[in-house]
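The values are calculated or read from the model by the stated rules, or taken from the named source; none is laboratory data. Keep in mind that this is a model prediction, so the values were computed, not measured. Here the Cβ is made from the backbone with ideal geometry for all residues, glycine too, and neighbour counts use every protein chain on show. When the accessible area is computed, the model is the full protein with side chains, heavy atoms only, and any ligands, DNA or RNA have been set aside. Shrake-Rupley method; radii C 1.70, N 1.55, O 1.52, S 1.80 Å.
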Number of protein chains: 2
Amino acid sequence: MITTSEIYAPIQEGLAKFEEQLRKAAEGSNLSLESCLDHILHSTGKRVRPAITLLASKFAGKHDENLPILMASAVELLHIATLIHDDTVDKSDTRRGQATISSLFGQDVAMLVGDYVFAKSATVVCDTNNVRVIRLFAETIMALATGELREIWEANDWEQPREKYFSRIFDKTGSLFCTAAESGALLSGAPGTTVQAMKEYGYNIGMAFQIVDDIIDFEGDPTEVGKPVGGDLIKGTFTLPAMIALERYDSQSTLKTLMDAKDEASLKKAVEYIRSTQAIQASYDVARDFQKKAIDSLTPFPDSPAKRSLKGIAEYILERRK
Amino acid sequence: MITTSEIYAPIQEGLAKFEEQLRKAAEGSNLSLESCLDHILHSTGKRVRPAITLLASKFAGKHDENLPILMASAVELLHIATLIHDDTVDKSDTRRGQATISSLFGQDVAMLVGDYVFAKSATVVCDTNNVRVIRLFAETIMALATGELREIWEANDWEQPREKYFSRIFDKTGSLFCTAAESGALLSGAPGTTVQAMKEYGYNIGMAFQIVDDIIDFEGDPTEVGKPVGGDLIKGTFTLPAMIALERYDSQSTLKTLMDAKDEASLKKAVEYIRSTQAIQASYDVARDFQKKAIDSLTPFPDSPAKRSLKGIAEYILERRK
């Protein structure tokens with residue numbers, strides 16, 4: 001399997017410029033805001049989304065290489081803004097072992113800092129001067145907010161069809177992966193077929209990513225100490241493992257009875273029940289289907305370092321729990 | 001004095017299309033979101049900002065009249081988004097007698113609905129296809145968030161200079177008035193001098209607006225039942241009346257002692273003290289200076305219905321308490 005440093009190799013220079021661009025995002029703002037932003041911008045995540053933007057720009061001829069770098073920064077800033085607001089909604093104290101803005105400065109400040117970062121991301125996209133990409137970006141912010149709202153509004157509804165789950169996780173997660181890939185291709189001046197292929201890659205990788213996230217919630221995430229196993233179901237969020245368990249592994253309605261009770265103790269038992277079934281494995285199979293589609297969307301392109309990296313990211317998506 | 005219907009007369013058609021455009025903003029979203037949005041979009045405010053955008057577009061030759069209408073809708077949507085987040089920060093139950101989103105659906109939903117409306121406003125601006133205006137708009141969102149953050153961070157600092165207050169209220173309020181006017185002129189294809197004049201009009205009208213708001217907080221707003229008189233100072237927000245009272249009407253340091261105590265009882269006494277001085281009147285004088293500058297910025301233009309309306313809005317800004 002490709003190593004992570006091999007994945008990042010074709011975009012090493014771009015990623016360095018991206019980090020520089022990201023640092024600039026804090027500059028020129030209010031002093032207290034700068035220190036707030038410093039705290040979040042430099043707690044480096046894996047930078048998966050910006051990497052996808054940069055890689056997706058490598059399938060076209062000569063173009064202004066600064067444009068995908070700007071876009072990569074905007075995509076990461078947008079991701080960071082959603083994390084700030086998500087942590088505020090979830091009242092999370094830490095993320096990846098670091099104190100959240102809301103735990104450090106309060107929920108009100110966190111909401112407003114999130115607003116600032118949303119707006120900052122939009123100004124960075126404006127620097128691309130590409131109205132189609134700017135519009136795509138604004139629509140993505142709408143999708144992300146809708147996804148989080150749907151998670152609240154569609155909670156505790158164990159009757160919702162699979163399509164509702166898929167469209168919800170697209171809003172919540174897939175949309176940004178999709179935009180990351182599509183905009184990278186668009187800003188490289190790639191032809192329509194390439195843009196479409198990258199969009200499909202982004203869509204499928206994003207869906208696989210969120211399904212794996214939903215599985216990890218049942219398996220327990222070793223990197224998130226103190227996070228309860230099955231926390232999603234306990235707060236009413238209906239995800240794929242629970243759906244599959246209800247559909248295929250509940251002939252006695254044991255699980256349904258527990259879930260319908262809706263109290264915490266019953267839901268905790270429901271989590272244990274789901275973990276004991278093959279639903280987790282079956283959910284991985286669904287994620288693998290999306291992964292496969294992501295890789296298939298790259299078929300038209302000849303072998304290249306960027307193609308190998310995108311395939312590598314698709315492979316890693318399913319290995320995240322390790 | 002010009003009547004309000006005379007003010008709105010030159011843009012009647014534009015305002016009707018604006019309302020239609022605003023209604024469209026709720027369409028096509030998630031069903032629960034639509035009902036949330038219906039609640040806010042149709043609780044009609046005075047539509048001052050969109051009126052300024054439409055009027056500012058009337059000082060140029062032939063142009064696509066749809067562009068200022070789109071911009072007016074975006075400006076109002078942005079204003080609504082900030083109100084949703086402000087009510088969430090302030091934990092306000094009502095605004096203009098109507099239940100707030102946060103009181104109806106909870107703070108988390110309010111934050112996310114606000115995010116959605118921010119993003120929606122940005123997509124509407126994208127429809128203008130004018131990158132300069134889109135960028136101006138994104139920068140305005142940053143300023144608005146910064147203004148609210150500064151209100152939190154600069155609280156209880158009675159030493160801050162007048163300029164800090166002015167720049168804070170520009171961020172919080174002036175920036176959107178400024179953008180409303182400037183973008184209207186820009187989208188009408190007006191020459192640079194006209195754009196600059198409209199920008200100055202917007203800046204000065206916005207500053208006057210916020211100063212009057214800060215005065216009303218000390219006078220008590222008859223339209224906001226149950227809102228405590230002097231609520232700003234009690235929560236630590238240092239505004240012009242308190243600044244002037246400390247500077248000019250506190251030779252015995254009575255007020256300073258009360259304010260330095262910082263407990264609610266002392267601050268309530270401080271509010272009474274300020275109300276008993278000429279600081280309120282002196283604050284009106286400052287607002288009047290900004291009002292005058294707003295009107296002066298219109299001097300280069302020949303008499304027209306739009307010019308009379310902009311002057312009329314400037315006059316009404318100081319009459320809001322009645």
Yes/no for residue A:262 being of a type in the set (Lys, Arg) and on the phi > 0 side of the Ramachandran plot = yes
Considering segment A:79-99 alone, what residues qualify as being closer than 18 Å to residue A:148 by Cα and more than 10 Å from chain B (Cβ to nearest Cβ)?
-> A:79, A:80, A:83, A:84, A:87, A:92, A:95
Got a sec? Which of A:59, A:105 is among the aromatic types (Phe, Trp, Tyr) and touching a Phe, Trp or Tyr at 6+ places or on another chain (Cβ under 9 Å)?
-> A:59
The one condition residue B:130 fails out of (1) buried (at least 17 other Cβ atoms within 10 Å of the Cβ); (2) of a type outside the set (Phe, Trp, Tyr); (3) in contact with a helix residue (DSSP H, G or I) (Cβ under 6 Å, 6 or more places away or on another chain) is (3)
Scanning segment A:241-271 residue by residue, those open to solvent by 20 Å² or more (accessible area, probe 1.4 Å) and touching a residue at least 40 places away in the same chain (Cβ under 8 Å) turn out to be A:246, A:256, A:260, A:262
Only unsatisfied item for residue B:32, checking (1) within 14 Å of chain A (Cβ to nearest Cβ); (2) closer than 20 Å to residue B:68 by Cα, is (2)
Give me a count of the residues in segment B:273-291 that are in contact (Cβ under 8 Å) with a residue 24 or more places away in the chain and in a helix (DSSP H, G or I).
-> 13
Could you count how many residues in segment A:227-240 are in contact (Cβ under 8 Å) with a residue 60 or more places away in the chain and either touching a Pro at 6+ places or on another chain (Cβ under 8 Å) or not in a helix (DSSP H, G or I) (or both)?
-> 5
Return yes or no: is residue A:229 open to solvent by 50 Å² or more (accessible area, probe 1.4 Å), of a type in the set (A, V, I, L, M) and over 19 Å from the mean Cα position of the chain (by Cα)?
-> yes
Taking segment B:94-111 only, how many residues are of a type in the set (Val, Ile, Thr) and on the phi > 0 side of the Ramachandran plot?
-> 0
Failed condition for residue B:212, given (1) open to solvent by less than 20 Å² (accessible area, probe 1.4 Å); (2) under 17 Å from the mean Cα position of the chain (by Cα); (3) under 19 Å from residue B:154 (Cβ atoms) | (3)
Is it the case that segment B:37-51 has a residue that's more than 25 Å from residue B:4 (Cβ to Cβ), in contact with a Ser or Thr (Cβ under 9 Å, 6 or more places away or on another chain) and either facing chain A (nearest Cβ under 9 Å) or at pLDDT 90 or above (or both)?
-> no
